[in-house]
1. I need the full set of residues from the stretch 119-141 which are assigned to a helix (DSSP H, G or I) and among the aliphatic types (A, V, I, L, M), in order please.
2. Looking at the stretch 152-174, which of its residues are more than 18 Å from the chain's Cα centre (by Cα) and surrounded by fewer than 17 Cβ atoms within 10 Å (Cβ to Cβ)?
3. Could you identify the single residue in GLU255, GLU240, GLU215 that is farther than 14 Å from HIS119 by Cα, touching a Leu at 6+ places or on another chain (Cβ under 8 Å) and of a type in the set (Asp, Glu)?
4. Does at least one position in the stretch 142-159 carry a residue that is within 25 Å of ARG197 (Cβ to Cβ) and of a type outside the set (Phe, Trp, Tyr)?
5. For VAL222, state whether it is among the β-branched types (Val, Ile, Thr), open to solvent by less than 20 Å² (accessible area, probe 1.4 Å) and either touching a strand residue (DSSP E or B) at 6+ places or on another chain (Cβ under 6 Å) or farther than 18 Å from ASP73 by Cβ (or both).
6. Quick check, is GLY202 farther than 26 Å from LEU136 by Cβ, open to solvent by less than 50 Å² (accessible area, probe 1.4 Å) and under 18 Å from the mean Cα position of the chain (by Cα)?
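The values are calculated or read from the model by the stated rules, or taken from the named source; none is laboratory data. All figures in this text were calculated on a predicted structure; none of them were measured in a lab. Here Cβ is always computed from backbone atoms with ideal geometry, including for glycine, and neighbour counts include all displayed protein chains. The accessibility values were calculated without ligands, DNA or RNA, using every heavy atom of the protein model including side chains. Shrake-Rupley method; radii C 1.70, N 1.55, O 1.52, S 1.80 Å.
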Amino acid sequence: MTRRSIALAVAWLAASGFNAPPADIVLWRLDCGSVVVSDLNTFSDTYAYTGRTKTLTDSCYLIRHGGQYLLWDTGFPAELAGHSETDGPFTASMKTTLPAQLARIGVRPEQVTYVGISHRHDDHTGQLPLFPKASLLIGAGDFETLKERKSDRIAPWLGAGGRVERVTGDRDVFGDGSVVMLDMPGHTEAHHSLLVRLPKTGPVLLSGDLYHFTENRTSGGVPGFNTSRSQTVASMARFEAIARNLHAKVIIQHEPADVAKLPLFPEAAR
């Protein structure tokens, strides 16, 4: 290959949006609670799980990109720590808070540059108010729904000093292709999954709530409470195509078995 052909190849890769992940990018999995589901049919509009129960986990993630941090989802509210609470078929509990876990790796809440929210549900936005200085990245439709419902979770971002981006489509968080919010609507109006491209581990896909557990993914199950069945099915097709094309490690955020796919906190994936 000549120098000119190498230069042309590099130019083509740059134009096509390909970027090698930076050397200094790491990913931690954080424990944001668990939930016992007494009626698993809650996650199927075809009654696929009749008579079944399951315990799900609630995972959040911290990504360090150089000197910046992105917190992906914020789990259950801090008030739940050390307690449990039942709402319909769900009994939620949480051992500790996000700030307590971040302290174990020397990160203060005010150091978090971005908080990215996969979607507006309570088990993903519970500790959002603990990070008021961060820039909030959230799907535009989900933000508007929270605003209409006067949710106190987004109160810090409704005032003059709050920095919020109402994301439409995909969002390249750091501008180099290493961390990308992927537009995957259907579970909610503007649900997103997250692609993280690590130097050693390779691409990692965090599902948000596109799927809730492994069988839910393999069968293409759609919860009856999703905002759009057709959008959910289309998002699943896109997600699976990305996973195949990038040979990505898929992490279903609520699947307990997927916790072991990443290093045990406080260790990080690199």
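1. Residues satisfying the conditions are LEU128, LEU130, ALA140.
2. ASP152, ALA155, LEU158, GLY159, ALA160, GLY161, GLY162, ARG163
3. One residue alone meets the criteria, GLU255.
4. Yes.
5. Yes, satisfied.
6. Numbers: farther than 26 Å from LEU136 by Cβ: yes; open to solvent by less than 50 Å² (accessible area, probe 1.4 Å): yes; under 18 Å from the mean Cα position of the chain (by Cα): yes.
Yes: the conditions hold for GLY202.
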